[in-house]
Amino acid sequence: MLGTRTLALSLLAVGTAATLSAQTTTFTIRVENISKGEVLQLSNGKTAPFVLAPVLWAVHSGAKNPLFTGGQPDMGKGLETLAETGNPGPLARAIPAQAGVIAVGADDHPVAATEGGPITPGHAYEFTISAEPGQFLSVAAMFGQSNDWFYANERPIALFNGTKAVAADMTAQLALWDAGTEVDEEPGLGPNQGPRQKDPSAGTPEREPVAHARSKWPVPETSSVLRLSITPKPESMSSK
């Protein structure tokens, strides 16, 4: 994966802020690696930890996910880089040009960490966003022990029920996706995967549609390794 300090610096310029209004609510988004120990059972008899790369997020209007479309090839705007290296920067810089996108950002700084980087078992990313009724959230982050797999919600997450801000565990909205840009290797063992590859372009290219990951190797259920929670900040709701 990309050097974490470089990633942290590159993302400072890509976030775009929503214009605040009387209806704006601030939400805390928490993405947790809830796995314990080394949960990947490898074919060589060894084990490996579950690792999640930095999270890309977008607040947008409309029901179309601006990050990707299932069943269609990668749009060539940066999803490949996110899914293969963990770096959300190129996709984050491309997304604001799409209609309906309100704000974009990425978090590569685990809670309480002194440096940026992926989240290992027991760690989390936590960031804030601002949104108004009728707006949605979409997120994506690389499954760090893969060639080109990423976790994301294909259907945008509604941040409001009518005018009431949503507070909920949204893990069920996440699924593991295959970007279709590189031939898969066994998760946690493949030589051309983030933690082991010598070069970001390592691996055999392929051109397949973005689709739900279908693995012939054991992969943990999403809900057993990740948790996505959304919590509106009370002070941002008090004036409504």
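Sort through 128, 69 and tell me the only one that's of a type in the set (S, T, N, Q), farther than 26 Å from residue 198 by Cα and in a loop (DSSP other than H, G, I, E, B).
Of 128, 69, the one residue that is of a type in the set (S, T, N, Q), farther than 26 Å from residue 198 by Cα and in a loop (DSSP other than H, G, I, E, B) is 69.
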Return the total of residues in the stretch 83-104 being closer than 29 Å to residue 208 by Cβ and under 16 Å from the mean Cα position of the chain (by Cα). 14
Give 18, 22 a once-over and let me know the one that is farther than 21 Å from residue 142 by Cβ and at pLDDT below 50. 18
Unmet criterion (only one of (1) hydroxyl-bearing (Ser, Thr, Tyr); (2) more than 20 Å from residue 95 (Cβ to Cβ); (3) in contact with a Phe, Trp or Tyr (Cβ under 7 Å, 6 or more places away or on another chain)) for residue 151: (2)
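Answer yes if at least one residue in the stretch 61-71 is of a type in the set (Val, Ile, Thr) and buried (at least 24 other Cβ atoms within 10 Å of the Cβ), and no otherwise.
No.
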Mind checking which residues of the stretch 87-107 are assigned to a helix (DSSP H, G or I), surrounded by 24 or more Cβ atoms within 10 Å (Cβ to Cβ) and of a type outside the set (A, V, I, L, M)? none
What are the residues in the stretch 179-192 that are surrounded by 23 or more Cβ atoms within 10 Å (Cβ to Cβ) and either outside any loop (DSSP other than H, G, I, E, B) or under 17 Å from the mean Cα position of the chain (by Cα) (or both), if any? 179, 182
Among (1) within 25 Å of residue 36 (Cβ to Cβ); (2) in contact with an Asp or Glu (Cβ under 9 Å, 6 or more places away or on another chain); (3) surrounded by 18 or more Cβ atoms within 10 Å (Cβ to Cβ) - the single one residue 84 does not satisfy: (1)
Would you confirm, using the coordinates I've provided, whether residue 116 is outside any helix (DSSP H, G or I) and surrounded by 15 or more Cβ atoms within 10 Å (Cβ to Cβ)? yes
Among the numbered criteria (1) surrounded by fewer than 19 Cβ atoms within 10 Å (Cβ to Cβ); (2) modelled with pLDDT under 95; (3) closer than 25 Å to residue 221 by Cβ, which single criterion is violated by residue 1? (1)
Considering every residue within the stretch 159-178, establish whether at least one is in contact with a helix residue (DSSP H, G or I) (Cβ under 7 Å, 6 or more places away or on another chain), assigned to a loop (DSSP other than H, G, I, E, B) and at pLDDT 95 or above. yes
Quick one: in the stretch 36-55, of everything that is surrounded by 24 or more Cβ atoms within 10 Å (Cβ to Cβ) and assigned to a loop (DSSP other than H, G, I, E, B), which residue is farthest from the chain's Cα centre (by Cα)? 50
One residue from 169, 148 being touching a residue at least 60 places away in the same chain (Cβ under 8 Å), acidic (Asp, Glu) and under 30 Å from residue 26 (Cβ atoms): 169
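The values are calculated or read from the model by the stated rules, or taken from the named source; none is laboratory data. From a predicted model like this one, the values you see are computed outputs, not experimental measurements. Cβ coordinates were reconstructed from backbone atoms using ideal geometry, including for glycine residues, and neighbour counts include every protein chain displayed.
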